[in-house]
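Data block below; observations after.
The values are calculated or read from the model by the stated rules, or taken from the named source; none is laboratory data. Predicted, not measured: the structure shown is a model, and the values here were computed from it. Because the Cβ atoms are built from the backbone with ideal geometry, glycine has one as well, and the counts that use them run over all protein chains shown.
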Amino acid sequence: MSLLPPAPALAGTPARPSVTLVAWALALLLGLQPVTTDVYLPALPALTRDLGASMSAAQLTMSALILAFGLGQLVWGPVADRLGRRPVLLLGLALYTAASLGSTLAADIETLIVWRALQGAALAAAVVCARAMLRDLYEPQQGAQVMSLGLSGLGVIAITGPVVGGFAASAWGWRAALGLVAAMGAITLLFVALRLPETLLQKNPRATALAPLLATWGRIGRHPSFIAWTLLISFTYGGLFTILAGSAFIYIDVLGLSAVAYGLAMGVGSTSYLAGTFVCRRWVARWGMVGAVRRGAVFSLAGGALGAALALAGVQQAWAVLLPQCLFAFGHGVHQPCGQAGAVGPFPQAAGAASALAGFVLAATAFGVGLWLGRALDGRLLPYALGLGFWSALTAAIAWTLVQRHGQPGQA
């Protein structure tokens with residue numbers, strides 16, 4: 001915390017939220033994303049069996065959520081630029097909590113898929129407003145440090161999520177794990193309602209007008225810095241989503257771990273991610289966002305390459321999956337704070353639109369990964385390991401090329 005100066009006060013506005021409050025808000029709002037995915041992961045094989053679902057249908061509970069999450073950001077982002085962050089957050093979190101309760105009570109896989117899609121659309125409001133709020137308050141480099149602080153809190157949530165989910169699924173069944181997701185949504189809604197002020201100084205009444213919006217997205221989408229940072233966060237999330245959507249079947253069905261043991265393994269991986277966010281904060285202070293990402297890519301590539309090599313060598317043990325996962329997660333903890341701040345950095349007057357477009361690209365990438373996993377997972381470790389290796393190579397390539405050329409913060 002000592003690395004971060006207080007946010008500067010803006011004339012004519014109430015006192016700005018403290019760095020601590022902003023970090024808590026980021027942790028809770030962005031933390032809903034791993035809560036939505038990670039907590040129910042240990043329950044996914046049991047859910048599949050209990051509802052009589054196929055592997056591809058089970059993957060749709062993740063893929064439909066991610067697709068709706070991406071599309072939802074395209075709607076919520078401009079609305080947040082027009083109405084402000086706070087009303088969008090309150091509405092989105094209320095819808096998220098309701099959809100989470102619906103998922104808990106779903107009687108069949110088709111109903112669960114529908115509720116999960118609605119959950120993803122509502123989740124988009126929390127994530128897009130969190131990123132836009134960061135740009136409302138901070139310039140890109142300081143924003144990356146505050147984001148890494150918030151993502152450290154998210155890392156704690158990511159560590160405990162699968163562990164708690166594993167215990168809940170083992171003790172009370174898969175519905176209990178989904179019930180925890182609904183509870184987290186309600187807690188976050190209460191925090192926003194009671195503590196989080198509006199951060200948008202100047203609302204844009206034309207933000208949702210179609211022609212100006214398309215023109216804004218066109219301008220954002222052509223910006224070299226936006227392209228570089230958005231590809232980085234999308235590719236590293238492609239690797240993370242490979243872990244999220246595929247690891248339960250690998251650890252439990254292929255390697256024979258229990259749901260509790262699997263939750264603990266995911267918790268270890270999340271600890272590595274948390275370490276990455278801590279290191280990111282220090283690397284950004286010393287070498288800037290571009291320098292931090294250049295170093296983080298070493299861990300991304302090492303994780304993917306090691307996992308693929310061990311799988312090709314026929315090593316089918318838990319450590320051979322967990323060690324590459326930890327290396328990749330460490331790199332992910334460096335890339336995400338920098339990438340999320342960098343993608344919206346050049347667009348202080350259209351942070352919601354920029355956040356929405358970056359989030360859509362990320363979610364579309366994850367949706368493709370989910371569809372591929374539904375077909376590729378065949379009871380062997382190799383497809384999973386090669387998938388992680390593929391995304392790690394793309395992440396490193398972007399980190400060492402486009403980000404180095406175009407990643408310096410600045411306004412469009």
Can you tell me which residue among A341, A351 is buried (at least 23 other Cβ atoms within 10 Å of the Cβ), among the aliphatic types (A, V, I, L, M), touching a residue at least 60 places away in the same chain (Cβ under 8 Å) and touching a Pro at 6+ places or on another chain (Cβ under 6 Å)? A341
Among the residues that make up the stretch 305-321, is at least one of them modelled with pLDDT of 90 or more, under 25 Å from T61 (Cα atoms) and crowded, with 24+ Cβ neighbours inside 10 Å? yes
Please name all residue pairs, on different chains or six or more residues apart, with Cβ atoms under 8 Å, provided the first residue is in the stretch 303-316 and is without any contact (Cβ under 8 Å) to a residue 12 or more places away in the chain and the second residue is surrounded by 15 or more Cβ atoms within 10 Å (Cβ to Cβ) and not in a helix (DSSP H, G or I). none
Where a residue in the stretch 380-404 is touching a residue at least 24 places away in the same chain (Cβ under 8 Å) and its partner, wherever it lies, is surrounded by fewer than 18 Cβ atoms within 10 Å (Cβ to Cβ) and of a type in the set (S, T, N, Q), with Cβ under 8 Å and at least six apart: L381/Q316
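Yes/no matrix, rows are residues, columns are (1) surrounded by fewer than 22 Cβ atoms within 10 Å (Cβ to Cβ); (2) among the polar types (S, T, N, Q); (3) at pLDDT below 95:
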site	(1), (2), (3)
L93	no, no, no
D108	yes, no, yes
V128	no, no, yes
A132	no, no, yes
Restricting the stretch 41-60 to residues that are under 23 Å from L264 (Cβ atoms) and not hydrophobic (A, V, I, L, M, F, W, C), which is nearest to the chain's Cα centre (by Cα)? P42
Here the residues within the stretch 150-174 that are among the hydrophobic types (A, V, I, L, M, F, W, C) and crowded, with 17+ Cβ neighbours inside 10 Å are L151, L154, I157, A158, I159, V163, V164, F167, A168, A169, W174
Only one of G246, G263, G269, G256 is within 27 Å of F167 (Cα to Cα), out of contact with any Ser or Thr (no Cβ under 6 Å at 6 or more places or on another chain) and free of Cβ contacts under 8 Å to residues at least 60 places away in the same chain, namely G256
In the stretch 64-83, what residues are more than 19 Å from W115 (Cα to Cα), surrounded by fewer than 23 Cβ atoms within 10 Å (Cβ to Cβ) and not charged (D, E, K, R)? L74, V79, L83
Only one residue in L190, L196, L151 is within 25 Å of G77 (Cβ to Cβ) and free of Cβ contacts under 8 Å to residues at least 40 places away in the same chain. Which one? L190
Residues being within 21 Å of the chain's Cα centre (by Cα), over 15 Å from R294 (Cα atoms) and not hydroxyl-bearing (S, T, Y): count how many of those fall in the stretch 221-237. 3
Only helices (runs of 4 or more DSSP H) wholly contained in the stretch 167-248 count here; list those with 1 or more residues that are charged (D, E, K, R). 174-195, 210-222
Just for the stretch 261-280: of the residues that are modelled with pLDDT of 85 or more and more than 18 Å from the chain's Cα centre (by Cα), which one is surrounded by the most Cβ atoms within 10 Å (Cβ to Cβ)? Y262
G153 vs. criteria in a helix (DSSP H, G or I) and modelled with pLDDT under 85: yes
Within 30 Å of V79 (Cβ to Cβ), within 21 Å of the chain's Cα centre (by Cα) and either at pLDDT 85 or above or among the aromatic types (F, W, Y) (or both) - does that describe any residue in the stretch 371-393? no
Is it the case that F299 is at pLDDT below 90 and either of a type in the set (A, V, I, L, M, F, W, C) or over 24 Å from Q33 (Cβ atoms) (or both)? no
If we scan the stretch 111-123, do we find a residue that is closer than 27 Å to W372 by Cβ, part of a helix (DSSP H, G or I), in contact with a Pro (Cβ under 8 Å, 6 or more places away or on another chain) and among the hydrophobic types (A, V, I, L, M, F, W, C)? no
Lone qualifier among A99, A122, A177 - being buried (at least 24 other Cβ atoms within 10 Å of the Cβ), modelled with pLDDT of 95 or more and closer than 23 Å to T48 by Cα: A99
